[in-house]
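The values are calculated or read from the model by the stated rules, or taken from the named source; none is laboratory data. None of the values given here were measured: they were computed from a predicted structure. As a convention, Cβ positions derive from the backbone with ideal geometry for all residues, glycine included, and neighbour counts pool all protein chains shown. When the accessible area is computed, the model is the full protein with side chains, heavy atoms only, and any ligands, DNA or RNA have been set aside. Shrake-Rupley method; radii C 1.70, N 1.55, O 1.52, S 1.80 Å.
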Amino acid sequence: MMFLGQEMLSQTAAAIWIVALCAVLAFHCSHVICMRGERRCYHFSHMVMLIGMIYMFGSAAFGLEWFPARAWIIIYAVIAVAIAFWVTQQFVARGAFNGLWALALVQQGAMIYMWEPMKQWIPLLSYGLALYFGIEALGWLVNATRPAAATVFSGWSGSATNPLESKSTVGDFCLSVMAASMAYMFVAMQLMMSAPHHAAHLARPVPPQQTSSKSAPSATEARVGEQPEESAKGEPQPPTSASEVAKTYMIVAGDTLSGVARRLYGDPRRWRDIFEANPNLDPRRLRVGQTIKLPMSRPSR
């Protein structure tokens, strides 16, 4: 379905992921507090990534807008550079490096891409990353359910005296949840951007005499297909060729573009038209009180 991406990021789905990721975050926080040196840095990189994922789910479903996307990109870029420097230094000094740092580097790079504007996303890359993290999640899940000798990542966690990963069932399961959340987010957001484009429904310029003097109307005021309002002289305004006038809508708590399209147009697939009518809109981060334009459309039959 065209609006599957929006439904995947519904408040219920996002709340489930947020609870799961908070539990994983608690696990990594405990390791950051208790461990030292390289192991602390490794778990800290995961902790920062988890905070970003929790915020992204909250932003997409609940409209959180505490930090700009550019700030997250800078944070993950700094961590990625630090990991790359450490891996290079270890390889030059010892001729080898801990393989789990390679996974962490890919994760940080994926977070940078995830916070880029959605219009710059490349479908092949997005679904490729989703597949990669899906496989990684499955690998950690296998680790959690098999003896150490049969694990997928056996030998990746460092020497026996200084392993990065705790090699516990809980630890492996936490890493699986983290990777699965990233795969889920990539699929959901790319589906949001891959819906077929309905160019015929985009708004045309609105005649000046039909522009409403109201600002930020509510959902009932913005309902598409209503009869034209009467003029100051008490005479009805002449209808347009499309029978409707482009209007605006004010975002309220819990809104998604597909939900707005379902309520105002009777068709959740029309979320793409709303998105196209608002070039600078990020459907992942709708702010309460934000005013968006509604495209003109013929009434549903």
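Rounded to the nearest 0.05, what FRET efficiency is calculated for residue 26 and residue 291 with R0 set to 30 Å and r the Cβ-Cβ distance? The partial results should precede the final answer.
Values: r = 39 Å, r/R0 = 1.29.
Rounded to the nearest 0.05, the efficiency is 0.20.
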What residues qualify as long-range amide H neighbours of residue 9, i.e. H under 5 Å apart, gap of 5 or more or another chain, H built at 1.01 Å from N?
-> none
The stretch 13-128 accessible area per residue, 1.4 Å probe, protein heavy atoms, integer Å², reads 47
Under-5 Å amide H pairs with residue 294, H placed in peptide plane, nonlocal only = 247, 248, 249
